[in-house]
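Written out below as structure tokens is the structure these notes cover.
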Amino acid sequence: MTVAALDTRTEAMEHEDARDSRKLGFWLTLPAQLLVLFIAVFPILMQVYISLTDWSPLDGIDWWQAHQLWNTFANYTDLLEDNRFWSALGRTALVMAICVPCEFLLGLGLAILFVDNFPGRRFLYSVLLVPMMVVPAVAGYMFFMLFQSGGPVNDILSFFTGSPVRIAWLSDPDLALFAVIVSDIWQWTPLMFLILLAGLVGVPEDQLRAATLLGASWTTRFITIVLPRMKTIIIIALAIRVIENFKVFDNFYIMTGGGPGVATETISIYIYKVTQQELIWGYVAAVALVILITLSVVSAYAIKRMSRSRELSR
Amino acid sequence: MNRSLPFEIFRYAAILSLVALSLVPTLWMASMAFKPIAEWSATGADLTWWPKSPTLDNFRFLFGESSSELIVALDRTAGQPILSSLLSAVFGTLIAMISGTSAAYGLSRFGSGGNLPLALIQLRIFPPMAVMIPVMIMWAFLGLIDTWYGLALVYGIVTMPFAFWLMKTFFDDMPREIEDAALVEGCSRLRVFWKITLPMMRPALASSALFVFILNWSDYLIALLLTTRDWVTIPVYMASLSSSMTGQLYGAKAALGLIAAIPPVILGIAIQKHLVRGLTFGALKQ
């Protein structure tokens, strides 16, 4: 009916409508465009400018006059020799290399257990999502309490070993790194679980049933039917966690402040500390820009590849 | 898939132990929030897992009432940080939803927006710490440091990509026949959007707004950078709670943590259905 109705519209009306649509589309997207301009484009230009100077908020020089402290590319060459920066970057990669696979495997395992219905499924599902919704800074504080030397983790260990355990988790460099990683896995395994379960539930049941009738074992079915169907979803889930894990700040900073020493200093904590404590903002701007440019290039490439493979699969 | 009895036993054992693990940290904080100062940490050999003499002193302390045991006085109560968190998260959500929803409609129906979608994905990928330096300078210049509206503006921009992608998928899902019928009746495009599409989208708008609110409420880093005293949010205030006399104010912090943790958990469970869509930027629908 609507198609027939549309056909009766005159060409002039169509033309007018197209113009109206364009106009309305422009005005509707304008606020978002302006906000992006305001927080992304303009600040990044500003950051490029400041990164070429020795500017710091304590100099008493307004930022637009930072050219008085021009140092060309000194910040960028300093960066190459900044061991603290490179070790923070390496530590971020290490944390990611441990957290993301653990979260993925735990989440996938849980998702497999949740695929078909059982009594209490809905309730347990909701309960499992709770960690993900706790404010990350609060989660950091929870784990700060758990890992105190007089805290519950040591209490449980004492119970099992039979002698009082007083490990100072957060003041030993290796143990502190372990503790912050545990807090990350605790908080974000539910996210993997949620996304992977949505993917598993979407695998067509008739295919699985057919395969079962043909005598395929659970493992074969999983590898030949489920995994290929889940490919995109797995990539999305991993990509989200890699992106978020790279930014990690809140729970780590609350638990250890990046310490002891620099033992748990990730890239975000490094930038924060240099900004707040050493106040050399020209240099920090350079560090931040290098990260932003790298991420833009990598993400633009990844998005292009993903949208291409999506078009191919259609 | 598999239905044998040993498998069922294994399934329940595995799930229940993981559920227990995922609840312990939250329960520990909840129990800490009701513990009197004597039970805060294990000085001797035994640790109290459940408050022996539960008390509301920690909550009273947060709101400025000094108790017999906690003689330290706070220089400011938790009231203002709670207000700050609420105001900045609510107004940040409004900014994100208004700009994100209209842009999503523009893109979904008229293909407007150019490279906005890509820009918004990249905005999401950037670590906030790496874009905040110029923002801090700009905010200082504009006098927006330590104000709830300055914070709300940043929240609005940071979470707008989520509002945009969520609403775009909802608009894409909506059948166009109804809109087309109204157009034939002679409604203008804008009127159709305002009078027909938006009212139909009410549930989608509500769950997107709640999702964005949770994100804003959960922030710590941005508030840490942009507020200094008067308008610090709950997490920033919580981190500053410690005193030279009692050291870490475990109980009081736990009470505040509980206050901060409750809204997102309840709202998150309420919008469970749309969580996957929101978290994956609309790439996946449950």
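Ordering B:Gly114, B:Ala204, B:Val236 by Cα displacement along the dipole of the protein assembly as shown toward the positive end leaves B:Ala204 in first place; charges were set at the Cβ atoms of Lys, Arg (+1) and Asp, Glu (-1).
The phi torsions of segment B:250-266, fed into the Karplus equation with coefficients 6.51, -1.76 and 1.60 and a -60° offset, translate into couplings of 3, x, 5, 4, 5, 4, 5, x, 5, 4, 6, 7, 5, x, x, 5, 5 Hz, rounded to whole numbers, with Gly and Pro shown as x. Here is the interface size for B with A: some 8800 Å² of accessible area buried, both sides summed, with a 1.4 Å probe.
Amide H contacts under 5 Å for A:Thr53: A:Asn71, restricted to partners 5 or more places along the chain or on a different chain, H placed in the peptide plane at 1.01 Å from N.
Relative contact order of segment B:181-273, taken over Cα pairs closer than 8 Å and 6 or more residues apart, is 28 percent. Of all the Cα-Cα pairs you can form in segment A:138-195, what percent are over 14 Å apart? Above the 14 Å cut-off, segment A:138-195 has 59 percent of its Cα pairs.
Within 10 Å of the Cβ of each residue in B:100-112, the mean number of Cβ atoms contributed by other protein chains is 6.
Computed over the alpha carbons of segment A:102-178, Rg followed by Dmax gives 16.5, 45 Å. In segment B:16-39, what residues drop by 20 Å² or more of accessible area when the other protein chains are put back, versus the chain on its own? Use 1.4 Å, and skip ligands and nucleic acids. Those are B:Leu18, B:Val19, B:Ser22, B:Leu23, B:Pro25, B:Thr26, B:Trp28, B:Met29, which lose 20 Å² or more relative to the chain on its own. Magnitude of the charge dipole for segment A:121-262, about its Cα centre and with charges confined to Cβ atoms of Lys, Arg (+1) and Asp, Glu (-1), is about 520 debye. Across A:Leu105, A:Leu79, A:Leu28, mean-square fluctuation computed from a Gaussian network of chain A (C-alpha pairs under 10 Å connected) peaks at A:Leu28. Tell me whether segment B:147-225 comes out rounded, prolate or oblate; compute the Cα gyration tensor, take square roots of the eigenvalues as a ≥ b ≥ c, and use a/c under 1.5 as the rounded threshold. Note, shape of segment B:147-225 comes out prolate. Calculated mean residue ellipticity, 222 nm, chain B: -21000 deg cm²/dmol, from DSSP H runs (n ≥ 4) at -39500 (n - 2.57) each, averaged per residue and rounded to 500.
Within the accessible area of the protein assembly as shown, the carbon and sulfur atoms contribute 66%, probe 1.4 Å, all protein chains present.
Backbone geometry of segment B:79-85 corresponds, through the Karplus equation with coefficients 6.51, -1.76 and 1.60 at θ = phi - 60°, to 3J(HN,Hα) couplings of x, 4, x, 5, 4, 4, 4 Hz, x marking Gly and Pro.
Within the straight-line cut-off of under 18 Å between alpha carbons, the lysines reachable from A:Lys304 are A:Lys231, sequence neighbours fewer than 8 places apart in one chain being disregarded. Counting only other chain Cβ atoms within 10 Å of each residue's Cβ, the peptide A:226-236 averages 1.
Once the mean of 1/r is taken over each pair of separate Cα atoms and inverted, the protein assembly as shown shows a Kirkwood hydrodynamic radius of 26.3 Å. Taken over chain A, the percentage of Cα pairs per 10 Å bin, counting from 0 up to the bin with the maximum distance, is 5, 17, 22, 22, 18, 11, 4, 1, 0. Using a Gaussian network model of chain B in which every pair of alpha carbons under 10 angstrom is joined by a spring, one finds that among B:Phe110, B:Phe61, B:Phe171 the greatest mean-square fluctuation is at B:Phe110. Classify chain B from the C-alpha gyration tensor, please: rounded if a/c falls under 1.5, else prolate or oblate depending on whether a/b exceeds b/c. Because a/c hits 1.5 or more and a/b fails to exceed b/c, chain B counts as oblate.
The values are calculated or read from the model by the stated rules, or taken from the named source; none is laboratory data. Remember, it's a predicted structure, so these values are computed and weren't measured experimentally. A quick note on method: Cβ atoms are made from the backbone with ideal geometry, for glycine too, and the neighbour counts reach across all protein chains shown. Please note that ligands, DNA and RNA were not included when accessible areas were found on the heavy atoms of the full protein model with its side chains. Shrake-Rupley method; radii C 1.70, N 1.55, O 1.52, S 1.80 Å.
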